[in-house]
1. Just give me the residues in the range 71-90 being touching a residue at least 12 places away in the same chain (Cβ under 8 Å) and either in contact with a strand residue (DSSP E or B) (Cβ under 6 Å, 6 or more places away or on another chain) or surrounded by fewer than 15 Cβ atoms within 10 Å (Cβ to Cβ) (or both), in sequence order.
2. Considering each residue of the range 59-74, count those that are touching a helix residue (DSSP H, G or I) at 6+ places or on another chain (Cβ under 6 Å), under 13 Å from residue 1 (Cα atoms) and assigned to a helix (DSSP H, G or I), and give that number.
3. Check off (1) in contact with a helix residue (DSSP H, G or I) (Cβ under 6 Å, 6 or more places away or on another chain); (2) under 29 Å from residue 159 (Cβ atoms) for residue 49 and give me the number that stays unchecked.
4. Given the residues 101, 112, which is the only one that is in contact with a strand residue (DSSP E or B) (Cβ under 7 Å, 6 or more places away or on another chain) and buried (at least 17 other Cβ atoms within 10 Å of the Cβ)?
5. Step by step: first the residues of the range 29-58, then only those that are more than 16 Å from the chain's Cα centre (by Cα), free of Cβ contacts under 8 Å to residues at least 12 places away in the same chain and part of a helix (DSSP H, G or I), then the one that is nearest to residue 12 (Cα to Cα). Which residue is that?
6. Just a yes or no: is a residue in the range 19-28 loosely packed, with under 15 Cβ neighbours inside 10 Å, closer than 30 Å to residue 123 by Cα, in contact with a helix residue (DSSP H, G or I) (Cβ under 7 Å, 6 or more places away or on another chain) and touching a residue at least 12 places away in the same chain (Cβ under 8 Å)?
7. Inside the range 59-70, can you point out the residues that are surrounded by 16 or more Cβ atoms within 10 Å (Cβ to Cβ) and touching a residue at least 40 places away in the same chain (Cβ under 8 Å)?
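What follows is calculated from the coordinates using simple rules that are stated; it is not laboratory data. What you see is a predicted model, and the numbers here were worked out from it, not measured in a lab. Note that each Cβ is placed from the backbone with ideal geometry, even for glycine, and that neighbours are counted across all protein chains shown.
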C-alpha cells in the first residue's frame, strides 16, 4: 500500500502544480498589464483552476498522511517538518496572494472573496486604484516561497535527514 500512496502523493503534486500554474502565469502577466478587460481575463484565468488545485492539494495532504502511517514515518522529524512547512507555505501564499489579487478582483469589478465569503462584483475602481493594487503584487516573492518551500519539502521527503 505504501508505494501506491507515495505514487498518488506525487501525482497529486503534479496536479497541484499544473493547476496552480494558471495563477502563477497570471500573476507575472498582471505585473505589467493595466488594460481593464485584459486584467479581468487574467484574474478570471487565475481562479478558473482553483477547484482542481484545491482538490489536488487535498489529495496531496491525505496521501502524504496515509503514506506517513503506512511507512511508519510519524516518529521521524522530517515528516513533521515537511507538514509544518507545507502549512506555512499555504498560509503565506494564501495571505499574500489573496490580499493583492482579491483586492484586484474587486477593483476590476469581478466577484471577489473577503475571508470565506464570496461577494458580488462592484463598480470597477479607477485605473489609478487598480494600478496601485496590482503594483503591490510580487510574483517573484510568491514563486520563491512556493518553489523554494516545495524544494525543501522534496529534499526532506527524499533524503529524510532526521
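1. 77, 88, 90 - these are the residues of the range 71-90 that are touching a residue at least 12 places away in the same chain (Cβ under 8 Å) and either in contact with a strand residue (DSSP E or B) (Cβ under 6 Å, 6 or more places away or on another chain) or surrounded by fewer than 15 Cβ atoms within 10 Å (Cβ to Cβ) (or both).
2. Result for the range 59-74: 6.
3. Residue 49 satisfies all of (1) in contact with a helix residue (DSSP H, G or I) (Cβ under 6 Å, 6 or more places away or on another chain); (2) under 29 Å from residue 159 (Cβ atoms) except (2).
4. 112
5. Per the criteria, the residue is 41.
6. If we filter the range 19-28 for residues that are loosely packed, with under 15 Cβ neighbours inside 10 Å, which is where we start, we get 21, 25.
Filter once more, so that each one left must be closer than 30 Å to residue 123 by Cα: 21, 25.
With in contact with a helix residue (DSSP H, G or I) (Cβ under 7 Å, 6 or more places away or on another chain) added as a condition, the list becomes none.
Taking every residue of the range 19-28 in turn, none turns out to be loosely packed, with under 15 Cβ neighbours inside 10 Å, closer than 30 Å to residue 123 by Cα, in contact with a helix residue (DSSP H, G or I) (Cβ under 7 Å, 6 or more places away or on another chain) and touching a residue at least 12 places away in the same chain (Cβ under 8 Å).
7. 59, 60, 63, 64, 66, 67
Each row is one residue, and each column tells you yes or no for (1) farther than 19 Å from residue 32 by Cβ; (2) within 16 Å of the chain's Cα centre (by Cα).
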site	(1), (2)
76	yes, no
85	yes, yes
91	yes, yes
97	no, yes
107	no, no
111	yes, no
131	no, no
159	yes, no
